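Presented below is the structure to which this report refers.
The values are calculated or read from the model by the stated rules, or taken from the named source; none is laboratory data. Source: prediction; values computed, not measured. FYI the Cβ positions are ideal-geometry reconstructions off the backbone, even for glycines, and counts take in every protein chain you see.
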Amino acid sequence: MTTIPLGPSSAVRAAAVRRGRRLNRLTIAWNAMEGVVAVAAGLAAGSVSLVGFGLDSGIEVSAAVILAWRLAQERQQGCTQAADRRATRAIALSFFALAAYVGVESVRDLLGRSEPEASIPGIILAALSLIVMPVLARAKRKVAPVLGSRAAVSEANQTSLCAWLSAVLLVGLAANAAFGWWWADPVAGLGIAGLAAVEGVRTWRAESLADTCCD
């Protein structure tokens with residue numbers, strides 16, 4: 001009787017780990033640039049949504065670094081559920097930190113009627129991110145099931161979230177620039193905070209994938 005393998009072969013897993021590492025490096029490089037530009041442009045324009053977007057890019061970098069550690073653990077010790085769980089929880093905490101900061105600052109700007117300046121660099125950055133992030137997220141989601149890593153799935157979800165944040169940011173910045181709707185910026189910030197909080201809860205509650213070496 002033929003035994004059907006329950007998971008991917010070692011060669012397939014090794015290839016997935018290599019691809020995951022390449023995607024990780026690309027994520028770190030892109031988001032490092034994105035974060036610096038967004039925070040600088042946000043501070044210059046007084047835009048809480050743009051600063052929040054930049055901070056999310058920083059968290060995306062930290063999540064990629066956490067996943068890099070997770071992949072390094074597999075190379076050294078094999079796929080371990082404990083390492084995967086710690087990495088996943090760390091990513092969830094980064095979502096909560098972003099949601100808290102941006103939420104508080106957005107409410108403060110709304111109550112104080114803080115009017116940000118139009119930010120053309122921010123609009124361009126949001127539009128570029130809206131193109132890049134969905135492509136990167138799809139590539140990560142293809143690799144994650146082979147790795148059998150909930151941390152990889154969570155990090156891919158964070159990249160998808162970045163695409164949604166780009167859309168929210170773009171609408172807020174464009175409305176402020178085109179129509180002078182100052183409130184669109186902190187409202188976009190609240191949207192960013194809400195999405196981050198939801199994803200944080202989902203990530204924290206996530207269970208390990210059951211059909212892989214991480215049993």
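Checking each residue in the stretch 109-122 for being surrounded by fewer than 20 Cβ atoms within 10 Å (Cβ to Cβ) and either polar (S, T, N, Q) or in contact (Cβ under 8 Å) with a residue 40 or more places away in the chain (or both) picks out 110, 113, 114, 115, 117, 118, 120, 121.
Could you list, in sequence order, the residues of the stretch 161-186 that are of a type in the set (Gly, Ala, Ser) and without any contact (Cβ under 8 Å) to a residue 60 or more places away in the chain?
Of the stretch 161-186, the ones of a type in the set (Gly, Ala, Ser) are 163, 166-167, 172, 174-175, 177-178, 180, 184.
Result: 163, 167, 174, 175, 177, 178, 180, 184.
Taking the options 90, 100, 63, name whichever one is at pLDDT below 90, surrounded by fewer than 22 Cβ atoms within 10 Å (Cβ to Cβ) and either under 16 Å from the mean Cα position of the chain (by Cα) or not aromatic (Phe, Trp, Tyr) (or both). Spell out how you get there, then give the answer.
Details: 100 fails: at pLDDT below 90; 63 fails: surrounded by fewer than 22 Cβ atoms within 10 Å (Cβ to Cβ).
On inspection, the qualifying residue turns out to be 90.
If the requirement is being in contact with a helix residue (DSSP H, G or I) (Cβ under 6 Å, 6 or more places away or on another chain), in a helix (DSSP H, G or I) and either of a type in the set (Lys, Arg) or modelled with pLDDT under 95 (or both), which of these qualifies: 132, 168? It is 168.
Just for the stretch 71-87: of the residues that are touching a Cys at 6+ places or on another chain (Cβ under 6 Å) and in a helix (DSSP H, G or I), which one is modelled with the lowest pLDDT? Even if it seems obvious, please write down each step before you answer.
Filtering the stretch 71-87 for residues touching a Cys at 6+ places or on another chain (Cβ under 6 Å) gives 79, 81, 84.
Subsequent filtering for residues that are in a helix (DSSP H, G or I) retains 81, 84.
Details: 81: 61, 84: 67.
Once the filter is applied, the top-ranked residue is 81.
For residue 163, the conditions (1) part of a helix (DSSP H, G or I); (2) at pLDDT 90 or above; (3) surrounded by fewer than 24 Cβ atoms within 10 Å (Cβ to Cβ) are fulfilled apart from (2).
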